[in-house]
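First comes the structure, then the notes that go with it.
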Amino acid sequence: MHSLNIRSKHLLDLPEDILHEILRNLDYHALVRCRLLCKFVHHIIQTHSEFQYVIELEKGGMMDRDASGLPHSERLTRLRSQREAWHKLTWKHETIVPVYGDCDAYELVSGVFAKTSSQGDFYVATLPSSTDPGHESHTDLGMRPRDFAIDPTQDLSFVLEADETPFSRSEGRQVRIHVWKLGTKMPHPEARSPVLPFEVYPHSEWGNQLVCVSLQPAGDVVGAVVSRGPEIRILIFNWKRGDLLSDSHVYGLPESAYDFSFISPRAFIVTTTAGSGTIQVYAFKDTPATPCLAITLHFPALRQFSALHQANAHSEALCGGTSDRSPFGTAMESRLHVITLQYTTGAMFFHSVYLLFTHNRTFLDYVSAVESGTMLAGSDIKWEDWGPEKSRFCSSQVPYTWARYVQGQQVICPPFDEDGTQCIRILDFNVPDKPEVDNPVPSADDNSGVVQELHSSPEIIPASNVFMQDVITQLPYCATARLLSLDEEKDQAYMIDQERVVGLQVDIVSNGRRIRGLHVLSFS
């Protein structure tokens, strides 16, 4: 028998193009470890934009979603430039976009502002930036929509239409969700059926009326939340196939279910207000079936005469496609959830409002643990076992009255402080806690007019007459504020997307509030 004398090969013996190809298949964590192999590999990773782009995306809690074929060097430059602009709150372009007509519902998603009116006008504006003047369109829907939702990354809009059935406690009402291309009445080409129908069943008190209804897209699914009095009903459709995947009218939600939000295209949360309140985390399949209750997370325990009155959940819209305008977006696990908790105490029904901030990974990790069998489905998790380390619990002095104030890991505060001063204030929860992430929060320039503060110490909410004991949380964040000059026109509210702060300029009219302009501050 002849023995083969094969000389062992070292990684560095490979041709450099082969080494590059190997590195292209590594994720962020592997690239960071490979930098420690030797000076040669470290030099390759540090000097090639493709690898630096992967590392910078992870630092920012982002993912690549480029659809335009930009070189990695340009994507990297845009990513770093945008991050620096947000850090210093120095926008690159400022303009006012006039808005006309009534506003029954509105949305801001991925650089697109849209609204509908009672007359059936569907207004869609691609917002301007320093490199794009933007554009707008109007579509006559020929009806009054009850609600709508958009996903510009899929050129997609959902418009909910209710029939004209009169109020009845014995007859139902037919509702249709139209699946259209964004800003048109054209059926979306990926939708097998252009209409998703469902029935509103009669209720002994509320009859067949739609008191409140909202739509939420998440990739290839869309959720419809129907609220009537203290009850909510959640329907989830696969809009591409036209299938109804689940309907809580069939499987039932807790009587105190209050709000709903997707955490992925196959999982969602439901807040409840009974007792001290909970967040229930559900997972579901791509076929019609009852969602699985993965876990129940409890809010802080309350005193005897305290009650949780409201539990509203808000986060960035969950888009499912790529983009020609922005080459990157928020990574699924990095999305931030803001839950507004309103409590009542005592016979005088004194209200106190708190904000709970937590990352999407908090919920996704529990779903993964249940699916892998390391945690029992339906387990109850006490506040003490999740809240202190994985959330930040703060008192809210100035309430949010308009939506879309969360983008990725950033939250924009209402425009006015308690003393009436107007400022732009951003809370950024992308504060790294891993030693390998070299992304410290630097100080803003002394003459920039920007004030920045890192909140890494635990926050203590005294028990007082609401909670059983002090509420202590420690999820870190960085607060950046920029005061606005007195001669600037005041915005009544702020919205935020990945590249912009959008100030709402609002008029008070006889039937409510009307948006007359968008004050667009672009950071790219």
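Computed values, structure above
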{"item": "Average accessible area per residue (Å²) across the chain - probe 1.4 Å, nucleic acids and ligands excluded", "result": "47"}
{"item": "The chain: relative contact order as a whole-number percent, Cα under 8 Å and 6+ apart", "result": "14"}
{"item": "Heavy-atom accessible surface of the range 11-85: percent carbon and sulfur, 1.4 Å", "result": "55"}
{"item": "√(5λ) per eigenvalue of the Cα gyration tensor, the chain, largest first, Å", "result": "38, 28, 28"}
{"item": "Kyte-Doolittle at least -0.5, axis length at least 27 Å by Cα - qualifying DSSP helices, the chain", "result": "none"}
{"item": "Efficiency of FRET from Cβ geometry, SER130 and MET332, R₀ 35 Å, rounded to 0.05", "result": "0.75"}
{"item": "Mean Cα-pair separation over length for the range 125-224, i.e. relative contact order, pairs under 8 Å, 6 or more apart, %", "result": "23"}
{"item": "HN-Hα J in Hz across the range 264-276 - Karplus 6.51, -1.76, 1.60, θ = phi - 60°, x for Gly and Pro", "result": "6, x, 9, 7, 8, 10, 10, 8, 10, 10, 5, x, 8"}
{"item": "Cα centroid of the range 123-158 to Cα centroid of the range 345-382, whole Å", "result": "34"}
{"item": "Residues with amide H under 5 Å from that of HIS309, placed H, sequence gap 5 or more", "result": "GLN342, TYR343, THR344"}
{"item": "Whole-Hz couplings from phi, Karplus 6.51/-1.76/1.60, listed for the range 168-182; x for Gly and Pro", "result": "7, 9, 10, 10, x, 9, 8, 10, 10, 9, 7, 10, 10, 5, 4"}
{"item": "Potential lengthening between SER457 and SER68 on full extension [0.36 nm per residue; Cα-Cα distance subtracted]", "result": "135.8 nm"}
{"item": "Total formal charge among the other residues, if their Cβ is under 14 angstrom from that of MET143, Lys/Arg +1 and Asp/Glu -1", "result": "-3"}
{"item": "Computed E for GLU255/ASP102 - FRET, C-beta separation, R0 56 angstrom, nearest 0.05", "result": "0.95"}
{"item": "For the range 296-308, 3J(HN,Hα) per residue [Karplus equation, 6.51 cos²θ - 1.76 cosθ + 1.60, θ = phi - 60°, Hz, x = Gly/Pro]", "result": "10, 9, 9, 7, x, 5, 10, 6, 4, 9, 9, 8, 7"}
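The values are calculated or read from the model by the stated rules, or taken from the named source; none is laboratory data. Being a predicted model, the structure only gives us computed values, none of them experimental. FYI the Cβ positions are ideal-geometry reconstructions off the backbone, even for glycines, and counts take in every protein chain you see. We work out accessible area using only protein heavy atoms, side chains counted, and drop any ligands, DNA or RNA first. Shrake-Rupley method; radii C 1.70, N 1.55, O 1.52, S 1.80 Å.
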